[in-house]
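Data block below; observations after.
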Amino acid sequence: MKKIPLRKLPQNFSRYFKWWNYDSRTGEAVIVLDKGDDWETIRAYDPMWLTNLSERDVYTLYKCQIFSDIWDMEQALQFQRVIEVCFAYEIHAGVSWKEKTKEFLRTD
């Protein structure tokens, strides 16, 4: 396999964002959105799926700690760590992975 299979996630949800948490029943990160009279959720089963969010959405999740029960903290932090790496290295939807990889592997 040469590419990580990434599920498309909804983009540009930051203005509706309320919180995100780890659901221990399903093993997913759940992003909760408030769209007025309607509440929606975005579910990410694999932490790597979060690399497919917009730059603004990565920033929003970065500044808000994921909620979890204490016994699920290690699994929840896997999602938080992916967001921290995405924020630190400016990885998000629309970024060329080949170009980013070249940046990290430079041997000047």
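Rule-based calculations on the coordinates, nothing more; no lab input. What you are looking at is a predicted structure, and each value in this text was computed from that prediction instead of being measured. We place every Cβ from the backbone using ideal geometry, glycine too, and count neighbours over all the protein chains shown.
Quick notes on this structure:
- Subset of the range 33-64 [loosely packed, with under 13 Cβ neighbours inside 10 Å and assigned to a loop (DSSP other than H, G, I, E, B)]: 36, 37, 45
- Flag if residue 41 is within 17 Å of residue 60 (Cα to Cα), over 12 Å from the mean Cα position of the chain (by Cα) and polar (S, T, N, Q): yes
- Any chance residue 31 is touching a residue at least 24 places away in the same chain (Cβ under 8 Å), β-branched (Val, Ile, Thr), on the phi < 0 side of the Ramachandran plot and out of contact with any helix residue (DSSP H, G or I) (no Cβ under 8 Å at 6 or more places or on another chain): no
- Residue selected from the range 83-108 under the condition exposed (fewer than 11 other Cβ atoms within 10 Å of the Cβ) and among the β-branched types (Val, Ile, Thr), by the criterion nearest to residue 18 (Cα to Cα): 101
- Hits in the range 7-32 - residues which are assigned to a loop (DSSP other than H, G, I, E, B) and farther than 17 Å from residue 76 by Cα: 7, 8, 9, 10, 11, 12, 13
- Among the residues of the range 81-105, the ones that are part of a helix (DSSP H, G or I) and over 15 Å from residue 27 (Cβ atoms) come to 15 in all.
- Filter result for the condition that a residue is more than 13 Å from the chain's Cα centre (by Cα), within 20 Å of residue 6 (Cβ to Cβ) and surrounded by 14 or more Cβ atoms within 10 Å (Cβ to Cβ), over 80, 75: 75
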